[in-house]
1. Take Thr41 and tell me if it is free of Cβ contacts under 8 Å to residues at least 60 places away in the same chain and either in a strand (DSSP E or B) or in contact with a Cys (Cβ under 8 Å, 6 or more places away or on another chain) (or both).
2. Restricting to region 255-264, what's the tally of residues that are within 20 Å of Trp136 (Cα to Cα) and open to solvent by 10 Å² or more (accessible area, probe 1.4 Å)?
3. What number of residues within region 180-204 are open to solvent by less than 10 Å² (accessible area, probe 1.4 Å) and either touching a Cys at 6+ places or on another chain (Cβ under 8 Å) or part of a strand (DSSP E or B) (or both)?
4. Looking only at region 117-128, decide whether some residue is open to solvent by less than 40 Å² (accessible area, probe 1.4 Å), closer than 26 Å to Gln250 by Cα and either hydrophobic (A, V, I, L, M, F, W, C) or modelled with pLDDT of 95 or more (or both).
5. Would you confirm whether any residue within region 139-149 is of a type in the set (S, T, N, Q) and either within 26 Å of Leu7 (Cβ to Cβ) or buried (at least 18 other Cβ atoms within 10 Å of the Cβ) (or both)?
6. Just checking, which of Arg134, Arg168, Arg151, Arg226 is basic (Lys, Arg), farther than 27 Å from Val278 by Cβ and touching a strand residue (DSSP E or B) at 6+ places or on another chain (Cβ under 9 Å)?
7. When you go through Arg168, Arg206 one by one, which is the residue that is within 17 Å of Glu333 (Cα to Cα) and touching a helix residue (DSSP H, G or I) at 6+ places or on another chain (Cβ under 8 Å)?
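The values are calculated or read from the model by the stated rules, or taken from the named source; none is laboratory data. This is a predicted model, so every value here is computed, not measured. Cβ placement follows ideal geometry from the backbone for every residue including glycine, while neighbour counts extend to all protein chains displayed. Heavy atoms of the whole protein, side chains included, go into the accessibility calculation; ligands, DNA and RNA do not. Shrake-Rupley method; radii C 1.70, N 1.55, O 1.52, S 1.80 Å.
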Amino acid sequence: MGARTRLHLDYLSLAEFEAARWAGVMGIATFDGSHFGVRDTPVPVAEVSTPVLGDAGAVYEVWRTQQAVESGTHGRVRFARTSDVLFGCITVTEKEPPPSLAIAERTPLYEATERAYRETLGTLDALGYPHLIRVWNYVPEINRDTHGTERYRQFNSARQAALLTSGRPITGNVSAACALGAAAGSPLVVYFLSSRTSPTFIENPRQISAYNYPPQYGARSPVFSRATVMHEPDGMTLFISGTASIVGHQTIHVGDTAAQTRETLTNIEALLEEANRVTGTDEFTLDALACKVYVRHPSELPVIQAELRAALGPSARAVYLQADICRRDLSVEIEATARVDHSL
């Protein structure tokens, strides 16, 4: 049997984080500038410019393990790793090229995205953790049109190009992921989990795989699986990608945030059922999820919270962030993580 890994996610307040502190910490994400006490540390910290909603105050997304952790840097990527799993993050600022060097497709965001992914994938290859399991992308002003096209489409083109250059697939066995908006003027922030062994890739029977979207969503499709399952010696962790009110490839319930939230939860239930089927368990359930909920319009937070409480119960683990979503007609997006432990 291998060593106990138990990669574990917590969403913590500052007081809770201070109480637990650094034991087994692999990585941290902070939101809306709430990086008090965690910036100058060897542990990788992804500083995301998305406001926290509700009464939570400062929220720290903390990834822990029971294995020994080694921290380091590789180029601009900061990482922490165990013998099996690596957490890393990179921040890249967009820069306008001189007019003489500008190329139409290679916008500042394209260049920043390609650089972030090139350095990330190079780090994984150099350190021997080649399998991306889950990636979080925070793209400033994701829905704004610049240089003749939407910035989310610029991001998708650059991500796909970087994956192809590295020799990685752009369909099928690709990581779970999300891409959300961040504040104007903030940098591109990417953080990720990777492993020495390949995860199981999960698609949603209710949806067309994102990498097979028709051209109306951009010349280059988004590259992500709907979910992945990471296998460890003592259990499994399910990573559900950013999920929204999409059936097939189309947004439904446009303008009805409550209905969009319910449809999103129906999609998550379908993913749980598929993950259970593929892995031969029945333990991935709604009430076991830790959710990160992205809300386009803060005024609609009570509606979204009410739907989540109705579906997940009053003690649901959820943190709410204000963020623009990859489609302008989407009001809410939910990502989730769940853990199944096995007896050794």
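1. Numbers: free of Cβ contacts under 8 Å to residues at least 60 places away in the same chain: yes; either in a strand (DSSP E or B) or in contact with a Cys (Cβ under 8 Å, 6 or more places away or on another chain) (or both): no.
No.
2. Initial filter on region 255-264 (within 20 Å of Trp136 (Cα to Cα)): 264.
With open to solvent by 10 Å² or more (accessible area, probe 1.4 Å) added as a condition, the list becomes none.
Matching residues across region 255-264 total 0.
3. Going through region 180-204 one residue at a time, the tally reaches 11.
4. no
5. Going residue by residue through region 139-149, those that are of a type in the set (S, T, N, Q) are 143, 146, 149.
Filter again for either within 26 Å of Leu7 (Cβ to Cβ) or buried (at least 18 other Cβ atoms within 10 Å of the Cβ) (or both), leaving none.
No, every residue in region 139-149 fails to be of a type in the set (S, T, N, Q) and either within 26 Å of Leu7 (Cβ to Cβ) or buried (at least 18 other Cβ atoms within 10 Å of the Cβ) (or both).
6. On the way: Arg134 fails: farther than 27 Å from Val278 by Cβ; Arg168 fails: farther than 27 Å from Val278 by Cβ; Arg226 fails: farther than 27 Å from Val278 by Cβ.
Only one candidate qualifies: Arg151.
7. Every option except Arg206 fails the conditions.
For (1) touching an Asp or Glu at 6+ places or on another chain (Cβ under 8 Å); (2) open to solvent by 50 Å² or more (accessible area, probe 1.4 Å); (3) modelled with pLDDT under 95, each residue gets a yes or a no:
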residue: Ala244; (1), (2), (3): yes, no, no
residue: Gln250; (1), (2), (3): no, yes, no
residue: His253; (1), (2), (3): yes, yes, no
residue: Glu269; (1), (2), (3): no, yes, no
residue: Asn276; (1), (2), (3): yes, no, no
residue: His297; (1), (2), (3): no, yes, no
